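The values are calculated or read from the model by the stated rules, or taken from the named source; none is laboratory data. A quick note: this is a predicted structure, and the numbers were derived from the prediction, not measured. Cβ placement follows ideal geometry from the backbone for every residue including glycine, while neighbour counts extend to all protein chains displayed. Calculation scope for accessible area: heavy atoms of the full protein, side chains included, ligands and nucleic acids excluded. Shrake-Rupley method; radii C 1.70, N 1.55, O 1.52, S 1.80 Å.
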Amino acid sequence: MIGFEGNLVVSDWPVAMQNIPKDYKIAILMDMITGWRNLRAEQKVRPHEKAHIAIQSNVSFNNFVKDYEHLVKDLVQAESIIYHRDDNDIPEDYVTQMVVDMKIGLKAHREVNKKDLLAQLEKQLVEEENFMQ
């Protein structure tokens with residue numbers, strides 16, 4: 001497999017984001033969106049697959065993100081966003097990353113094919129039984 005360096009997803013910021021007044025909150029939100037996109041790439045979440053994202057920050061910043069929730073969901077391909085206060089940690093099944101003094105997280109939302117899973121488990125069982133003999 002041939003490797004590469006750099007960002008997996010490269011695209012311009014939508015016009016809706018470009019027209020928002022420039023301040024530190026917008027800059028942090030843009031860094032968070034970049035972070036979520038990078039987490040998607042690291043977790044090998046395909047572009048068409050939805051993911052669950054999380055943010056752990058103060059109430060004020062959580063409310064700020066909620067104001068732009070629809071835009072964030074579109075940019076990150078998120079199924080849902082969960083908001084946590086500073087004192088409430090993101091669940092362990094999320095991959096996390098720090099952005100300034102706030103934590104963001106992502107959990108892939110993958111459909112499980114039960115027939116494929118059963119076949120895989122049966123194969124593992126046979127291998128284990130053979131190993132035990």
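With 0.36 nm allotted per residue and the present C-alpha distance subtracted, the ARG46-LEU117 stretch has 23.6 nm of extension available.
Among the trypsin sites (Lys or Arg not before Pro) within segment 29-123, which fall in a DSSP loop and have no more than 10 other Cβ atoms within 10 Å of their own Cβ?
Numbers: sites: ARG37, ARG40, LYS44, LYS50, LYS66, LYS73, ARG85, LYS103, LYS107, ARG110, LYS114, LYS115, LYS123; in loops: LYS44, LYS50, ARG85, ARG110.
When the trypsin sites (Lys or Arg not before Pro) of segment 29-123 are filtered for loop state and at most 10 Cβ neighbours within 10 Å, LYS44 remain.
Once segment 33-133 is represented by equal point scatterers at the alpha-carbon sites, with solvent omitted, what log10 I(q)/I(0) does the Debye formula produce at q = 0.15 Å⁻¹? Values, matching the q order: -0.65.
Given axes a ≥ b ≥ c from the Cα gyration tensor, I'd like to know whether segment 57-100 is rounded (a/c under 1.5), prolate (a/b larger than b/c) or oblate. Mind dumping the intermediate values first?
Values: a/c = 1.90, a/b = 1.19, b/c = 1.60.
Oblate.
Under 5 Å between amide hydrogens, built in the peptide plane, is the criterion, and for VAL99 it picks out ILE104 among residues at least 5 positions away or on other chains. Taking the centroid of alpha carbons for each part, segment 78-117 and segment 33-61 are 7 Å apart. Per residue, the accessible area of segment 89-133 comes to 86 Å² when a 1.4 Å probe rolls over the protein heavy atoms.
Express the carbon and sulfur contribution to the solvent-accessible surface of segment 40-128 as a percent, rounded to the nearest whole number, probe 1.4 angstrom. Can you show the working numbers first?
Details: 2900 of 5900 Å².
Whole-percent figure for carbon plus sulfur exposure: 49.
Straight-line cross-link partners of LYS66 among the lysines, defined as a Cα under 24 Å from its Cα and at least 8 positions apart when in the same chain: LYS22, LYS25, LYS50, LYS103, LYS107.
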